[in-house]
Every structure is written in structure tokens, then in C-alpha cells.
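Just below is one structure, and these are the notes that go with it.
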Amino acid sequence: MERIALVLGATGGIGGAVARRLAEGGWSVRALVRAQSLARLPGHVIPVTGDAMDSATVAAAATGAKLIVHAVNPPGYRDWDKLVLPMLDNSIAAARAQRARVLLPGTVYNYGPDSFPLIDEAAPQHPVTRKGAIRVEMEHKLRSAAEAGDIRALIVRAGDFFGPGAANSWFAQGLIKPGARPGVIRSPGEPGVGHQWAYLPDVAETMVRLVERDRAQGFETFHMDGHWDATGTAMIEAIIQALGEPNARVAPFPWWLLRIAGLFAVTPRELMEMRYLWQRPIRLNNARLVATLGAEPHTPLALAVRTTLGDMGCLP
């Protein structure tokens, strides 16, 4: 029996990684994408031209699907309060019509200091930012629909993404610049403060393994450990090692410049709001995931960083 998946956000990092992994696993993968973004789709994915804000288009694209991957976000954080929840409503409605499961990549935005530093799936969600409050509402919508028996929902939460295709990430936009061998590596975190990273192929592998289990429940949430950088320096050291430049220049991230830019532009202003994630150690607890899968898919950091840098055009 054909397994059909619809991916919203397949031109993004996590959406693209999940779409590729599903296609490799024998799924028939459709991607709802705007016409101007067709060239950015992964291979072996069937394009469906349209907008995630159009409920009729989403419903038609989901015909026959058993899985809807909701990995779409407004570009540059623009109009989050107006677009994010309606787009999810459309995915839920389409899943309800097809009796499908919705897969949502989760974030740590949902949590506040009362849940730090080690967060499991049962931790209270008291966000301190506007984006965090929206993410909490998204998960509430999924839980309500699942508990009503209308759909099944799966949320997988991980640290900061890096890897092939993760262009809109702290790794690719904050630590180093893509397209050339970096002249400087930026460090966004406070000295000695740990940070959690997630390699996209590992995240996609984890998600698909969870989707393909026989005994999945109506509403489930799992946390990944990924790569825990206990001192905040391991990722930078891995980049230096991959570059083969032991004397590479490392400098603090210019938060002051981002603050000034935020006076005039949306994206830097939204990024400044998330600075607290770099000022204290925040780690997701993957005990439930390990108990479910037996082990978490995990690519060694050196290989993951080297592959990421190669994809970014930063290696010879």
C-alpha cells in the first residue's frame, strides 16, 4: 500500500531533510511549495504549487496522505502572529479529512526559566517571548485535535539545527558565513555556557523512525539530545579542526550590532529576542526517546561539522 506524505516547508532545512529521508524510505512525498521556490526542492519529491495559507490548496495536496509534515514558517520571522497559527489550522483540517498524522518540529521557545536547565517532555511551558507563546498555542491545537480523536500528532524537539540545507540557522548565519573559507568564527554564547545542537540528518532520521512505529499514540512529544556542547566551545573547536586552521580567529558575536539593526528590520529584532537561549545552559532530556527507539540516531560531531561546512562552500 502506497505511503503518501505531504511536506509543508520542504525548501527549508528541516522540511527538506525529512522529505529526503521519507523518499529514501519508500514514501511517495509531495511538497507544497510556491512557484518561485520549485528549484530548491529535494530530488524525488513531487511538487504541488500553492500556499500553506490557502486551506483548499492544502486539503487538495493532502489527498490520500497518511502524514503531513508541518515544517513551514514565515520567512524572516515576518508576521508570525498573523500567519503561523492559520497555517497550522489548515494542516490540522487536512489531516482530519484524511485521518492522517501531523509531524511538527518543536522548539525550545516554549519553555521559560522555570523549566531550565534540563527539560523533559512533561516540563511546564511558560514562554518568555512572543514566538514562544505562539509555539505553545500551536502544540495546544495539535493536542486538542488528537485528544478529540480527529488526528494523530507527533512533536519532535531538538536544539539549534545545523547540517546540509540549514541555511537559516545560527550555524550558517551566526558562527560563520557561507560561500568561502571563513576569516572569523563568531561565538554567540556566554563563556562557559553550554549549548545544544542538532544535526539535520539525525533529526530527520529520528522523526521518520518515530513515524514508522507500529504502536504510535494519538499525541506524542519526544526530545532529542543531539550534540550537547557543555562548555560552549566544542562546536567552535570542531569547526577549527574541520578547517585545518588551529590559529583561526574566534571573536564574540556582535550582539550590539544586531540590537541596532533591530531598530530598522524585523529579523535582527526577532533574533535579539532569543538571546536568552545563549546566556544560560538549556538542555533537552532524551530519556523517553531512547526508551522508545533504543538509541538516538547520532552522527559524530567531527563528521557532521565537516559535512555541513562542505555543503556551505567553506571547505576547499
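The values are calculated or read from the model by the stated rules, or taken from the named source; none is laboratory data. Here the structure is a predicted model, which is why all the values come from computation and not from measurement. Cβ atoms come from the backbone with ideal geometry, glycine included; neighbour counts cover every protein chain shown. Ligands, DNA and RNA are stripped out before the accessible areas are found, and what is left, the full protein with its side chains, is counted by its heavy atoms. Shrake-Rupley method; radii C 1.70, N 1.55, O 1.52, S 1.80 Å.
General remarks:
- Residue in the stretch 109-118 that is modelled with pLDDT of 95 or more, of a type in the set (S, T, N, Q) and farther than 20 Å from LYS141 by Cβ present: yes
- ALA242 meets each of the listed conditions (1) in a loop (DSSP other than H, G, I, E, B); (2) out of contact with any Gly (no Cβ under 7 Å at 6 or more places or on another chain) apart from (1).
- Taking the listed residues PRO42, PRO86, the one that is open to solvent by less than 50 Å² (accessible area, probe 1.4 Å) and either of a type in the set (Asp, Glu) or under 21 Å from ILE155 (Cα atoms) (or both) is PRO86, with no other qualifying.
Results for (1) surrounded by 17 or more Cβ atoms within 10 Å (Cβ to Cβ); (2) at pLDDT 95 or above; (3) farther than 19 Å from ASP311 by Cβ, shown as yes or no for each residue.
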{"site": "ARG181", "(1), (2), (3)": "no, no, no"}
{"site": "TRP197", "(1), (2), (3)": "yes, yes, no"}
{"site": "LEU200", "(1), (2), (3)": "yes, yes, no"}
{"site": "VAL203", "(1), (2), (3)": "yes, yes, no"}
{"site": "ALA230", "(1), (2), (3)": "no, yes, yes"}
{"site": "ALA238", "(1), (2), (3)": "yes, yes, no"}
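- Selection count, the stretch 14-26, where residues are surrounded by fewer than 24 Cβ atoms within 10 Å (Cβ to Cβ) and touching a strand residue (DSSP E or B) at 6+ places or on another chain (Cβ under 6 Å): 1
- Residue list for the stretch 270-297, filter: in contact with a Phe, Trp or Tyr (Cβ under 8 Å, 6 or more places away or on another chain) and either outside any helix (DSSP H, G or I) or open to solvent by 50 Å² or more (accessible area, probe 1.4 Å) (or both): MET274, ARG275, ARG280, PRO281, ILE282, ARG283, ASN286, ARG288, THR292
- Qualifying residue in the stretch 200-208 (condition: free of Cβ contacts under 8 Å to residues at least 12 places away in the same chain and out of contact with any Cys (no Cβ under 6 Å at 6 or more places or on another chain)): no
- Residues located in the stretch 298-316, provided they are part of a loop (DSSP other than H, G, I, E, B) and under 21 Å from the mean Cα position of the chain (by Cα): HIS298, THR299, PRO300, MET312
- Test: residue in the stretch 135-149 that is more than 18 Å from the chain's Cα centre (by Cα) and surrounded by 21 or more Cβ atoms within 10 Å (Cβ to Cβ): yes
- Condition met for ARG78 (at pLDDT below 95, open to solvent by 70 Å² or more (accessible area, probe 1.4 Å) and more than 21 Å from GLU2 (Cα to Cα)): yes
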